[in-house]
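Please read the structure below before turning to the comments.
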Amino acid sequence: MWGGRFAEGPAAVMREINASIGFDKRMWRQDIAGSRAHVAMLGRQGIVDAADVAAIEAGLDRIEAEYAAGGVPEDPALEDIHMHVEARLAELIGPAAGRLHTARSRNDQVATDFRLWVRDAIDEADAALAGLQRALVRRAEENADAVMPGFTHLQSAQPVTLGHHLMAYFEMIHRDRGRLEDARARLNECPLGSAALAGTGFPIDRHGVAEELGFDRPTDNSLDSVSDRDFALEYLFAATACSLHLSRLAEEVILWASQPFGFVQLADAWSTGSSIMPQKRNPDAAELVRGHAGRIMGCMTALMVTMKGLPLAYSKDMQDDKPPVFEAHELLTLSIAAMTGMVDSLTFRTDRMRALAESGFATATDLADWLVREAGVPFREAHHITGQAVRLAEAAGRPLAALSLQELQGIDARIDARVYDVLSVDASVASRTSHGGTAPAQVRARIAEARTLIGMDEDDMPAAVSAAPGAAETEA
């Protein structure tokens, strides 16, 4: 493509290191869409005559069909998807194909294609995350009353409901979708027409091209248009944040599926066995989601390091901008799909959850609050009194609610029989009625809001859950 300047061709290694067709061929749809919009504009502006425009458009249609059917033969000498499309166009329609590159450069072409690809990736990830949110809402609605231990430091802290716990991940995913939405809004400007770096002297219509490609507007600085990849970095940041949330949920599934916890049983479809231990049911899918988070984070780091020292405008380092984005997107969409499948199919052992909630002195804070509310005890003193009660219950091997009134009054005479109204786990969760609290009424209210927020149909009600042997069935 630059043979007029060079007397000799590139070395074999140069040809290999310079080629990107092996990975950027996945942008063929975006490249053809950008070329269609560009040549249509060249025709409208009288820069290319109608006959050549028609020939180019027909050729692009055929190339699109060829790629959809299995692709076009790759030639490393043609370097990238842009030159492969142009070369194939020349084979199909002859010299008229050369007019397609009028008033554009590969610099603004790749920047446009990449923005289109990332925009599509954001839309795909957002739709997948909406599916995960629907699964979380369904399972939370089934378990709005199911009591489980809430943890801090992985120690039993206060009882919560399983529905409340699952809705916490709904909120995380909702913020992830918000970050993707924000990134999409900022990237939705069209670089095409910026040419190599300085714009073009041809009378092009950048606003028309932007509109045809679904962008909000053209970019406002030609140097910035071809040289920055912050839109890709924003996507990678959003993907990384999302992968961290998915990893945390995966870690909880892994813990809950272990025998010491016994909170869930994984479906056969989302677990594996062992080559030597017949009894094993391994949470491999969840473990891989957890592992993928590290790889996605590495993709973000890779692109940041690539971009950190580049002067304006385009440098060949930027050819390496796409592999980390492509890899991160594949890992993210796979992780979302896996977590959605697991959430949908988990069997929750709510009897086991309740038993552990009742065994870890999780209502200690309720006793302290009762002393403050009913006996007028300052909280710090109430905390001390409650600590003594916990020590006594622990020594006796009984839950707080099993201590006699005489034993409690031996610690502090201000305690009376009314205290037993707050020492059960059901009373504890029911009392947490503050906005965002774990009380079933609050959980159901948020679930109703969430259904509206993500547009869930009334028909999309919780699925029936079959309890595993020995497990309590969850309420629909």
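The values are calculated or read from the model by the stated rules, or taken from the named source; none is laboratory data. None of the values given here were measured: they were computed from a predicted structure. When we count neighbours, we look across all protein chains shown, and the Cβ atoms used for this are built from the backbone with ideal geometry, even at glycine. Accessible surface areas use protein heavy atoms only, side chains included; no ligands, DNA or RNA. Shrake-Rupley method; radii C 1.70, N 1.55, O 1.52, S 1.80 Å.
Computed from label points 7 Å out along Cα-Cβ, the spacing between residue 248 and residue 216 is 2.9 nm.
With helices as the sole contributors, the chain gives -19500 deg cm²/dmol at 222 nm; each DSSP H run of n ≥ 4 counts as -39500 (n - 2.57), and the sum is divided by every residue.
Solvent-accessible area per residue in the chain equals 46 Å², computed with a 1.4 angstrom probe and all protein chains kept.
Considering all alpha-carbon pairs of the chain, what whole percent are spaced by more than 32 angstrom? Within the chain, distances greater than 32 Å cover 55 percent of Cα pairs. The calculated pair-distance distribution of the stretch 143-205 uses every alpha carbon pair, bins of 5 angstrom beginning at 0, and gives 4, 13, 11, 11, 10, 8, 7, 7, 5, 5, 4, 6, 5, 3 percent. Neighbours of residue 29 by Cβ distance under 14 Å: Lys/Arg scored +1, Asp/Glu scored -1, total -4. As a fraction of the 1.4 Å probe accessible area of the stretch 13-102, surface on carbon and sulfur atoms comes out at 54 percent. Scaled against the 2.2 N^0.38 Å expected of a compact globular protein of N residues, the Cα radius of gyration of the stretch 78-191 reads 1.82. Rounded to the nearest angstrom and listed largest first, the equivalent-ellipsoid semi-axes of the stretch 374-429 from its Cα gyration tensor are 16, 14, 11. Computed over every Cα-Cα pair of the stretch 346-449 and binned at 10 Å starting from 0, the pair-distance distribution P(r) comes out as 15, 42, 29, 12, 2 percent. The loop-placed GluC sites (Glu not before Pro) in the stretch 143-219, going by DSSP, include none that has at most 14 neighbouring Cβ atoms within 10 Å of its Cβ.
For the stretch 233-342, the equivalent ellipsoid derived from the alpha-carbon gyration tensor has semi-axes of 36, 12, 10 Å in decreasing order. The base-10 log of I(q)/I(0) for the stretch 32-108, evaluated at q = 0.22, 0.25 Å⁻¹, reads -1.01, -1.26 [Debye formula, identical scatterers on Cα atoms, solvent excluded].
Restricting the calculation to alpha carbons of the stretch 297-370 gives Rg and Dmax of 24.0, 68 angstrom. Taking chymotrypsin sites (Phe, Trp or Tyr not before Pro) as exposed when their DSSP state is a loop state and no more than 11 other Cβ atoms lie within 10 Å, the longest site-free interval of the chain runs over 7-476.
In plain terms, the C-alpha convex hull of the stretch 278-412 casts an average shadow of 16.7 nm² when viewed from every direction. Peptides 47-57, 406-416, ordered by how many other C-beta atoms sit within 10 Å of their residues on average, highest first, read 47-57, 406-416. Taking Cβ atoms as reference points and 11 Å as the exclusive limit, the residues near residue 205 contribute a net charge of 0, counting Lys and Arg as +1 and Asp and Glu as -1. In the stretch 107-350, inverting the average of 1/r over every pair of distinct C-alpha atoms gives 20.0 Å as the Kirkwood radius.
Taken along its principal axes, the alpha carbon cloud of the stretch 1-137 reaches lengths of 64, 42, 27 Å, longest axis first.
Note on the stretch 178-272: Kirkwood hydrodynamic radius from all Cα pairs is 16.9 Å, rounded to one decimal.
Nonpolar atom fraction for the stretch 356-443, defined as the carbon and sulfur part of the 1.4 Å probe accessible area, stands at 54 percent.
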